[in-house]
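Read the figures in this text as sums done on the coordinates, not as results from a lab. From a predicted model like this one, the values you see are computed outputs, not experimental measurements. When we count neighbours, we look across all protein chains shown, and the Cβ atoms used for this are built from the backbone with ideal geometry, even at glycine.
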Amino acid sequence: MSLAFKFEEITARELKPELYELDGISRATIEAHYKLYEGYVNKRNEILARLAEVDRTKANQVYSDVRALKVDLTFAIGGIKNHEIYFEHLGGGGGDPKGLMGDLIERDFGSVQAWRTDLKATGMAGRGWAWTAYDWDEGRLFNYVGDAQNTYPIWNATPLIALDVYEHAYFLDYQTDRASYIDAFLNNLDWGVVNSWVDGYGIRP
Ligand SMILES: [Fe+2]
């Protein structure tokens, strides 16, 4: 039986050196994220390899295998994509967003302060992630909540900020004080990177 999809193994991206010198987020914490990230990359490859071997013409048991593998695949791919955004847009000086993202935030949230307050509340509320994403159908930014790597993204929206609020993101540095970790996250954002994504996607205020 021929493959129903193209499958190529992917490899974990290397971390940029700035990630080991963040202000208020330790090297040990970044290493904890990275270990998990590598695990998701391996898992994604493994699941696709297993899916390639499932004989889809055989009913019953096979359907539940397909279901389990495909659900797990969304978790692994979510863990990859979320962490790649996270790693890529940290290592900057934080502060207020300037340029395109600054204009979009002001337009869609009313002010930078309102965006920050809502993102922090979303990050405190969620079990896994908070994202500032651009919804192409509505033509605006919104802060979405995620309880896991694969919940709750929506179709046709592009994440521009990915705030990891899983316990491994803050427990080593802040114990239970998640709010202080979120402040540290914001202080290390690289707005130049975020603006290059906004520009590259063609999102305009
Ligand atoms: Fe993480």
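Could you size up the charge dipole of the chain around its Cα centre, putting +1 on the beta carbon of Lys and Arg and -1 on that of Asp and Glu, and report it in debye to the nearest 20?
600 debye
If you plug each phi of region 170-184 into the Karplus form 6.51 cos²θ - 1.76 cosθ + 1.60 with θ = phi - 60°, what whole-Hz ³J(HN,Hα) values come out, in order, with x for Gly and Pro?
Result, rounded to whole Hz: 9, 5, 4, 8, 10, 6, 8, 8, 5, 4, 5, 4, 4, 4, 5.
Counting each DSSP H run of 4 or more residues in the chain as -39500 (n - 2.57), what helix-only mean residue ellipticity at 222 nm follows after dividing by all residues, to the nearest 500 deg cm²/dmol?
That calculation yields -17000 deg cm²/dmol at 222 nm.
For a quick check: with amide H placed at 1.01 Å from N, whose amide H comes under 5 Å from residue 140's, ignoring anything fewer than 5 positions away on the same chain?
135
What does the convex hull of the Cα atoms of the chain come to per residue, in Å³, rounded to a whole number?
With only Cα atoms used, the chain gives 134 Å³ per residue.
For each pair in 35/120; 6/43; 6/70, compute the distance between the two Cα atoms and list the pairs where it is over 24 Å.
35/120
Give me the distance between the Cα centres of region 57-81 and region 6-50, rounded to whole Å.
21 Å
Full extension from residue 56 to residue 147: what is 0.36 nm times the residue separation minus their Cα-Cα distance, to one decimal in nm?
29.6 nm
Estimate the FRET efficiency between residue 177 and residue 20 by the formula 1/(1 + (r/R0)^6), using the beta-carbon distance for r and 22 Å for R0, to the nearest 0.05.
0.50
Can you give the extra length, in nm with one decimal, that the chain gains between residue 138 and residue 45 once fully stretched, where that is 0.36 nm per residue apart less the Cα-Cα distance?
Using 0.36 nm per residue and subtracting the Cα-Cα distance, I get 30.1 nm.
If contacts are Cα pairs under 8 angstrom and at least 6 residues apart, what is the relative contact order of the chain in percent?
Averaging sequence separation for qualifying contacts and normalising by length gives 25 percent for the chain.
How big is D for region 1-103, in µm² s⁻¹ as a whole number, if Stokes-Einstein is applied with the Kirkwood radius of its Cα pairs at 10 °C and 1.306 mPa s?
Estimated via Stokes-Einstein, D reaches 98 µm²/s.
Give, rounded to the nearest 20 debye, the magnitude of the charge dipole that region 49-138 has about its Cα centre when Lys and Arg contribute +1 at Cβ and Asp and Glu contribute -1 at Cβ.
420 debye
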